[in-house]
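Report on one structure; see the data block that follows.
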Amino acid sequence: MSQRKASKRELQALLKRARFVSGYSFRLVSVSNQECTIAMPFRRAMERPGGTVNGPAFMTAADCAMWMAIKRHLGMHHDAVTYELNTAFLNAARRETVYCTARILKMGRRSIYGVAECHGKKGNLFSHHTLTYVRAS
């Protein structure tokens, strides 16, 4: 039985009410069947000394973008939780909006595997992430 995919509007509403990411002001930029991009506006609360965005902010953006991609694919009534997240920090983001694009690579019966990349508006890569989720429902 095929589930109805979550719409961009439903996903944006979910982002606004999800308490665990409320401090990041994430905004859904685009969504397709296997991929999702969110924007994380720069906030002083995520600034490290020297004006760079802190690592946990990149990791949270990657996790959230993948969660949105999974919700899009499974529908709003099904969920999955993060099982593993690996991060490679490649370049610093300095006082700028960070975009994170997550892509589902494999949708299994119990686990979901994907990648996410955090980047600038012009495409400069800040971090690369591999993620594994486990279906919760």
Test: GLY114 is assigned to a strand (DSSP E or B) and either on the phi < 0 side of the Ramachandran plot or at pLDDT below 95 (or both): yes
Filter result (of a type in the set (Phe, Trp, Tyr), open to solvent by less than 60 Å² (accessible area, probe 1.4 Å) and more than 14 Å from ALA92 (Cβ to Cβ)) within region 107-136: TYR133
In region 54-86, residue surrounded by the fewest Cβ atoms within 10 Å (Cβ to Cβ) [restricted to those that are of a type in the set (A, V, I, L, M) and not in a helix (DSSP H, G or I)]: VAL81
Filtered residue count, region 34-45, keeping only those that are under 14 Å from THR97 (Cβ atoms) and open to solvent by less than 10 Å² (accessible area, probe 1.4 Å): 3
Count of region 16-33 residues which are outside any strand (DSSP E or B) and buried (at least 18 other Cβ atoms within 10 Å of the Cβ): 3
Some residue of region 46-53 being touching a helix residue (DSSP H, G or I) at 6+ places or on another chain (Cβ under 7 Å) and either open to solvent by 50 Å² or more (accessible area, probe 1.4 Å) or free of Cβ contacts under 8 Å to residues at least 40 places away in the same chain (or both): yes
So ALA39, is it at pLDDT 95 or above and within 19 Å of LEU85 (Cα to Cα): no
Residues within region 1-15 that are open to solvent by 70 Å² or more (accessible area, probe 1.4 Å) and part of a helix (DSSP H, G or I), tallied: 2
Residue match in region 35-45 (condition: within 15 Å of the chain's Cα centre (by Cα), more than 25 Å from TYR113 (Cα to Cα) and not aliphatic (A, V, I, L, M)): yes
Every pair of residues 6+ apart whose Cβ atoms lie under 8 Å, when the first sits in region 114-131 and is under 15 Å from PRO41 (Cα atoms) while the second is small (Gly, Ala, Ser): CYS118/ALA61; CYS118/ALA62; CYS118/ALA93; CYS118/SER127; GLY120/ALA93; PHE126/ALA92; PHE126/ALA93; PHE126/GLY120
Verdict on ALA61 being among the hydrophobic types (A, V, I, L, M, F, W, C), within 19 Å of LYS16 (Cβ to Cβ) and under 11 Å from the mean Cα position of the chain (by Cα): yes
Members of region 87-106 found to be of a type in the set (Val, Ile, Thr), part of a strand (DSSP E or B) and either open to solvent by 40 Å² or more (accessible area, probe 1.4 Å) or over 18 Å from CYS36 (Cβ atoms) (or both), listed by number: THR87
Tabulated pairs, region 12-40, first acidic (Asp, Glu), second in a strand (DSSP E or B), C-beta under 7 angstrom, 6+ apart or interchain: GLU35/THR101; GLU35/ALA102; GLU35/ARG103
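The values are calculated or read from the model by the stated rules, or taken from the named source; none is laboratory data. Since the structure is predicted, the reported quantities are computational estimates derived from the model, not experimental observations. A quick note on method: Cβ atoms are made from the backbone with ideal geometry, for glycine too, and the neighbour counts reach across all protein chains shown. Note: areas computed on protein heavy atoms with side chains; ligands, DNA, RNA excluded. Shrake-Rupley method; radii C 1.70, N 1.55, O 1.52, S 1.80 Å.
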